[in-house]
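**Q** Let me give you the structure first, and then I'll get to my questions.
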Amino acid sequence: MTDYNTTKSKPLRVLVSGGGTGGHIFPALAIANALRRRDERNEIMFVGALGRMEMERVPAAGYDIVGLPVAGFDRKRLWRNFSVLVKLLRSMYRARRVVKDFNPDIAIGVGGYASGPVLKAAQRRGVPTLIQEQNSYAGVTNKLLARKARKICVAYDGMERFFPQENIVKTGNPVRADISRSEISGREAKAALGFDPDKPLVLVVGGSLGARTINESMAAAASDILSAGAQIMWQTGKLYIDSYSGMASGRSGIKISAFISDMAVAYRAADIVVARAGAGTISELQITGRPAILVPSPNVAEDHQRKNAQALVDADAAVMVLDSEAVASLGETVLSLLSDAGRCEALAANIKSMAMTDSDEKIASIIYGLLQPEK
């Protein structure tokens, strides 16, 4: 077997599968970029789900991607799952062809609909597989795939509940390089975004599509937050921008947009962040060390966002407001933190202490290690 850790080794052929949300896509791209930094000759192919955001984001980052017709099961309307099963069978067939044709040295799954068919096909062909599990509570697919995975890279302690302990490596979740390496000060960041550097800023994000409850909660609380002397940078998501953009009309100290393109600067500018509790967002909050109010989405598998948030609450590293209570209490929670500098400092210090840096490079090293010849 070729020694992939030497400068004279042949390039790797790496298959990366998964996506669906930024929480899956950004770690996948970070791992791919780390592998390319090791050797620009490395061939990296992505496999995603047709119609999902990875089909745009991955090519924009300079990588090829193949789409599968896979879709998630409808847990509430079971009669709709016949078409889902048909799509799954088609995806499994397509995944087998992709694995055979690309002939990867290793296959990596980052979660999302496409991960299951691709990693299963790779394992059947004897291709080494690696799972990158972002959440504190593993999904059903990853638990099944982990039985034959060579390594499972995780971000939380206690993951032996779900995976074989001997194959677990705690690496943390890779985050976007611009976020992890940004050195701009808070005052500089506020000024760059058009805010007053001397006033606190509340950053509100609910993902690229948006979070209905967070938007409704901020609509109810915005006036009180502004009256308290704070500023608001509010990402509604593209599904909700038309409903809320008018709230900034004629008012100073509030900016509302569908999408924030430079999250590195936005995080540095923020004194408090209001967000969902996806694993990617939490990793970014840990890296940037920002006091956070987390509103977990109730519409995710195994309620994993609530479990993610609870892990931080247990470490006194974040505040959690349940989705069902957010409209009534989120504004009050924001105001309480704005008036308690000591509490904000403690939350910032505690969440910062949980950060794991250079996760992408750690995972790249594990990949090379798996492909080394046995001594």
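The values are calculated or read from the model by the stated rules, or taken from the named source; none is laboratory data. Quick caveat: nothing in here was measured; it's all calculated off a predicted structure. Don't worry about glycine lacking a Cβ; one is built from the backbone with ideal geometry, like all the others, and counts go over all protein chains shown. Each accessible area value is taken on the protein alone, full model and side chains, heavy atoms only, with ligands, DNA and RNA left out. Shrake-Rupley method; radii C 1.70, N 1.55, O 1.52, S 1.80 Å.
**Q** Given +1 on the Cβ of Lys and Arg, -1 on the Cβ of Asp and Glu, and no further charges, what dipole in debye does the range 214-293 carry about its Cα centre, rounded to the nearest 20?
**A** Using only the charged Cβ atoms, the result is roughly 100 debye.
**Q** Then there's this: Tell me the Kirkwood hydrodynamic radius of the range 76-201 in angstroms, computed as one over the mean inverse distance between distinct C-alpha pairs.
**A** Its Kirkwood hydrodynamic radius stands at 17.4 Å.
**Q** Considering only protein heavy atoms and a 1.4 Å probe, what is the carbon-and-sulfur percentage of the accessible area of the range 288-375?
**A** For the range 288-375, the apolar C and S fraction of the accessible surface comes to 49 percent.
**Q** Could you give me the radius of gyration and the Dmax of the chain, taking only the C-alpha atoms into account and expressing both in angstrom?
**A** Considering the chain through its Cα atoms, Rg and Dmax are 21.3, 70 Å.
**Q** Taking just the alpha-carbon atoms of the range 103-177, what radius of gyration and Dmax come out, in angstrom?
**A** Using the Cα atoms of the range 103-177, the pair Rg, Dmax is 11.6, 34 Å.
**Q** When ranked by the protection proxy of mean other Cβ atoms within 10 Å per residue, highest first, what sequence do the peptides 224-232, 355-363 form?
**A** 355-363, 224-232
**Q** Using a 7 Å offset from the Cα along the Cα-to-Cβ direction at both GLU345 and LEU144, what is the distance between the two label points in nm, to one decimal?
**A** 5.1
**Q** In debye, nearest 20: dipole of the chain around its Cα centre with unit charges on the Cβ of K, R (+) and D, E (-)?
**A** Dipole size: approximately 1840 debye.
**Q** Among rounded, prolate and oblate, which fits the range 197-245 when a ≥ b ≥ c are the square roots of the eigenvalues of its C-alpha gyration tensor, a/c under 1.5 means rounded, and a/b larger than b/c means prolate?
**A** It is prolate, given that a/c is not under 1.5 and a/b is the larger ratio.
**Q** List, in order, the whole-Hz ³J(HN,Hα) value for each residue of the range 60-65 obtained from phi through the Karplus relation with A = 6.51, B = -1.76, C = 1.60 and θ = phi - 60°; use x for Gly and Pro.
**A** My calculation for the range 60-65 gives 5, 8, x, 10, 7, 9 Hz in order.
**Q** For LEU12, list long-range residues whose amide hydrogen, built 1.01 Å from N in the peptide plane, is under 5 Å from its own amide hydrogen.
**A** Excluding prolines and chain starts, which carry no amide H, the hits are ASN42, GLU43.
**Q** With +1 on the Cβ of every Lys and Arg and -1 on the Cβ of every Asp and Glu, and nothing else charged, how large is the dipole of the range 284-375 about its Cα centre, in debye rounded to the nearest 20?
**A** 160
**Q** Is the shape of the range 267-339 rounded, prolate or oblate, going by the alpha carbon gyration tensor and its root eigenvalues a ≥ b ≥ c, with a/c under 1.5 for rounded and a/b larger than b/c for prolate?
**A** Oblate is the answer for the range 267-339, as a/c is 1.5 or above yet b/c matches or exceeds a/b.
**Q** Here's a follow-up. According to the square roots a ≥ b ≥ c of the eigenvalues of the Cα gyration tensor, what is the shape class of the range 84-129, taking rounded for a/c under 1.5, prolate for a/b larger than b/c otherwise, and oblate for the remainder?
**A** Note, shape of the range 84-129 comes out oblate.
**Q** Tell me which residues come under 5 Å, amide H to amide H, from ALA292 once H is placed; ignore anything under 5 positions away on its chain.
**A** Amide H neighbours of ALA292, under 5 Å, 5+ apart: VAL273, VAL319.
**Q** Could you run the Karplus curve 6.51 cos²θ - 1.76 cosθ + 1.60 with θ = phi - 60° over the range 320-336 and give me ³J(HN,Hα) per residue in whole Hz, x for Gly and Pro?
**A** 10, 10, 5, 4, 5, 10, 5, 4, 7, 10, 4, x, 4, 5, 4, 4, 5
**Q** Picking from ARG38, ARG94, ARG161, which is most flexible by a Gaussian network model of the chain using Cα springs under 10 Å?
**A** In this elastic network of the chain, the residue with the biggest mean-square fluctuation among ARG38, ARG94, ARG161 is ARG161.
**Q** Highest mean first, what order results for 311-319, 164-172 on Cβ atoms within 10 Å?
**A** Result, highest mean first: 311-319, 164-172.
**Q** Separate question: Using Cα-Cα distances under 8 Å and only pairs 6 or more residues apart, what relative contact order does the chain have, in percent?
**A** Relative contact order, the chain: 17 percent.
**Q** Then there is this: Based on the alpha carbon coordinates of the range 153-233, what radius of gyration and maximum Cα-Cα distance (Dmax) apply, in Å?
**A** 18.8, 54
**Q** Let me ask another. Read phi for every residue in the range 224-231 and hand back ³J(HN,Hα) as whole Hz from Karplus 6.51 cos²θ - 1.76 cosθ + 1.60, θ = phi - 60°, with x for Gly and Pro.
**A** 5, 5, 5, 5, 7, x, 9, 10
**Q** How many Å² of accessible area per residue for the chain, probe 1.4 Å?
**A** For the chain, the solvent-accessible area averages 45 Å² per residue.
**Q** Evaluated at 10 °C with a viscosity of 1.306 mPa s, what Stokes-Einstein diffusion coefficient in µm²/s does the range 210-270 have when Rh comes from the Kirkwood expression over alpha-carbon pairs?
**A** 133
**Q** Let me ask something else about it. How much of the DSSP bridge set in the chain is antiparallel, in percent, rounded to the nearest 5?
**A** 0
**Q** Moving to a separate point now. Can you give me the long-range amide H partners of SER17? Hydrogens built in the peptide plane at 1.01 Å from N, cutoff under 5 Å, separation of 5 or more residues or another chain.
**A** For SER17, the qualifying residues are VAL47, ILE108, GLY109, VAL110.
**Q** Related question: At a probe radius of 1.4 Å, what is the per-residue accessible area of MET92, in Å² to the nearest 10?
**A** 60
**Q** Output the pairs from LYS190/LYS238; LYS170/LYS362; LYS87/LYS238; LYS148/LYS307 with a Cα-Cα distance over 21 Å in this structure; if there are none, say none.
**A** Result: LYS190/LYS238; LYS87/LYS238; LYS148/LYS307 exceed 21 Å.
**Q** Among GLY158, ALA61, SER245, which residue has its Cα furthest toward the positive end of the charge dipole of the chain, with +1 on Lys/Arg Cβ and -1 on Asp/Glu Cβ?
**A** Working it through, the farthest residue towards the positive pole turns out to be ALA61.
**Q** Between the range 297-375 and the range 18-77, how many Å separate their Cα centres?
**A** Cα centroid to Cα centroid, the span is 23 Å.
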